[in-house]
1. Quick one: count up the residues across the stretch 367-381 that are more than 18 Å from Ile287 (Cβ to Cβ) and either of a type in the set (S, T, N, Q) or modelled with pLDDT of 95 or more (or both).
2. Restricting the search to the stretch 63-89, which residues are of a type in the set (S, T, N, Q), assigned to a helix (DSSP H, G or I) and surrounded by fewer than 24 Cβ atoms within 10 Å (Cβ to Cβ)?
3. Being buried (at least 18 other Cβ atoms within 10 Å of the Cβ) and among the hydroxyl-bearing types (Ser, Thr, Tyr) is the filter; apply it to the stretch 314-344 and report the residue that is nearest to the chain's Cα centre (by Cα).
4. Is there any pair linking a residue in the stretch 195-207 that is free of Cβ contacts under 8 Å to residues at least 24 places away in the same chain to one that is buried (at least 21 other Cβ atoms within 10 Å of the Cβ) and not in a helix (DSSP H, G or I), with Cβ under 6 Å and at least six apart or on different chains, and which?
5. Please name all residue pairs, on different chains or six or more residues apart, with Cβ atoms under 7 Å, provided the first residue is in the stretch 314-332 and is within 22 Å of Val95 (Cα to Cα) and among the small types (Gly, Ala, Ser) and the second residue is at pLDDT below 95 and not in a helix (DSSP H, G or I).
6. Could you please give the count of residues in the stretch 137-183 that are closer than 19 Å to Asp43 by Cα and either out of contact with any helix residue (DSSP H, G or I) (no Cβ under 7 Å at 6 or more places or on another chain) or outside any helix (DSSP H, G or I) (or both)?
7. When the residues of the stretch 115-134 are filtered to those that are exposed (fewer than 15 other Cβ atoms within 10 Å of the Cβ) and in a loop (DSSP other than H, G, I, E, B), which remaining residue is modelled with the highest pLDDT?
8. Of these, Ile271, Ile247, which one is buried (at least 20 other Cβ atoms within 10 Å of the Cβ), modelled with pLDDT of 90 or more and at negative phi?
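The values are calculated or read from the model by the stated rules, or taken from the named source; none is laboratory data. All values derive from a computational prediction rather than experimental measurement. All Cβ positions, even for glycine, are placed from backbone atoms using ideal geometry, and neighbour counts span all protein chains on display.
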Amino acid sequence: MSYSLFKSYLNVEEAKEIRGSLLVMAIPAMAENVLQMLLGISDTAFLGHYDWRIMTAVGTANQVVFIFQAVLVAISTGSMVLLSNSYGANNHRRVDLIAWHAIYLSIAAGLILSFGSFFSDSLLSVLFPSSDSLMQMNGSKYLQIIMAGFPAMSIMIVLGAALRGAADTKSPLIVAAVANVLNVFLDYSMIFGKFGFPEMGAFGAALATVLSRVVGSVIIIVLLFRNRRISMSRKPRRFSKWLFKEIFVLGLPASIENFGFSLGVLVFANILFISGPQAYAAHRIGIQVESLSFMPAWGMGVAITALVGIYNGGRQRRMSIGVVRQGWFIALAISSAIGLTITLFPDLFISLFTNEPSLIEEGRLPVRIIGLFQVVMGTDYVVTGALRGMGDTSFPMKTSLVAMWFLRLPIGYVLVRYFGLGLFGAWIGMMADMAFRTTLKFIRFYSGKWESTADSIQARSG
């Protein structure tokens with residue numbers, strides 16, 4: 001059976017109810033992710049006014065971190081989809097069991113990943129070689145501290161996903177707000193040496209981020225145990241191999257997608273360095289603006305994943321489709337407004353990250369391209385969220401990897417290396433990637449080929 005986003009599956013009252021539910025969930029999710037991104041972006045923004053080369057080094061180090069975050073994506077995606085379907089089926093015992101496994105797996109994964117801090121210099125040298133000793137030294141220093149703090153990051157990401165699976169997007173927002181206020185204060189103090197702190201540059205930025213995440217992880221554990229929707233037992237549940245497998249089987253495609261995409265971003269960065277470090281610095285600013293701009297669409301995608309999962313678990317397929325349609329309309333409206341603002345006023349956003357005139361000049365192009373592609377990006381997040389909520393996590397993985405490795409990288413390399421188009425050529429590759437994967441995911445949703453997966457998860461959840 002095919003499902004069109006241009007066709008209404010709900011009556012007027014149902015559509016109104018769905019819109020309300022989406023906004024109640026999506027607005028906190030949007031705000032939370034803006035704040036989560038600001039944990040990293042505030043480092044970039046402060047360091048951009050400290051030394052643009054150190055800012056570039058930290059941006060590169062964060063790309064390495066994103067590669068290792070793929071493990072957390074598997075746990076968080078699997079936990080959220082399973083928990084939302086079980087919550088929708090009113091299977092409270094299973095909800096409690098999944099939440100406990102989210103805790104076990106987040107702690108275990110965080111501790112294992114933190115060992116990467118011992119190899120930060122080697123990781124950065126291999127994945128992103130640079131002849132600039134200042135950039136290499138500061139990037140390595142930043143990466144070492146951030147990776148040592150992986151347990152706190154893991155707990156915040158995974159438990160936040162578990163709470164969202166139970167339709168609670170406000171608790172993760174509270175955690176992100178507290179962590180960000182603390183991070184901004186510590187960033188300013190530790191990078192520039194204010195309020196009695198020594199001037200620590202990149203090291204201070206990393207330390208501020210880790211300390212903020214430690215505080216956030218403690219708060220989110222407390223909120224999880226107090227959450228009435230999940231109603232966690234105070235006694236730890238026995239570890240289940242079959243549930244562990246179920247979480248990973250469901251989350252693994254999203255993890256592979258994240259890993260392959262992040263690795264591709266690193267390769268893409270090396271392509272950009274053909275045009276020089278300043279071109280890459282302008283690219284990093286463009287990426288940071290992009291990260292801020294897609295937060296509303298990301299939040300809507302998260303809300304759609306959770307609500308689609310809840311309705312699917314409750315055996316209400318028609319309502320699930322209605323969620324996607326209403327979410328898409330809201331995302332289109334928001335994305336259009338953001339895109340117009342970014343396209344008309346690029347300097348307003350670039351100046352958040354640098355006051356260097358040459359970088360502002362070079363950064364206008366990628367930022368304007370971001371503005372023009374907002375609607376495409378919004379559609380991508382909505383349809384991806386819908387497919388994941390139905391349990392179809394493998395198709396988004398396949399399309400994203402094909403788009404990255406067979407479109408973005410080859411097109412970008414050829415246009416930069418052989419046509420001398422520099423930053424513009426690289427970003428043509430990026431936009432081709434985005435348009436391709438969004439189109440394929442849209443077709444996949446329309447085709448209804450995800451129904452067998454959705455039915456399978458529905459049966460296990462009840």
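1. Here the count works out to 1.
2. As a first pass, look at the stretch 63-89 and keep what is of a type in the set (S, T, N, Q): 63, 69, 76-77, 79, 84-86.
Filter once more, so that each one left must be assigned to a helix (DSSP H, G or I): 63, 76-77, 79, 84-86.
Correct list: Gln63 only.
3. The qualifying residue nearest to the chain's Cα centre (by Cα) is Ser335.
4. So the pair list comes out empty.
5. Note: pairs meeting the criteria are Gly314/Ala89.
6. Looking only at that region, the number is 3.
7. This residue is Asp132.
8. On the way: Ile271 fails: modelled with pLDDT of 90 or more.
On inspection, the qualifying residue turns out to be Ile247.
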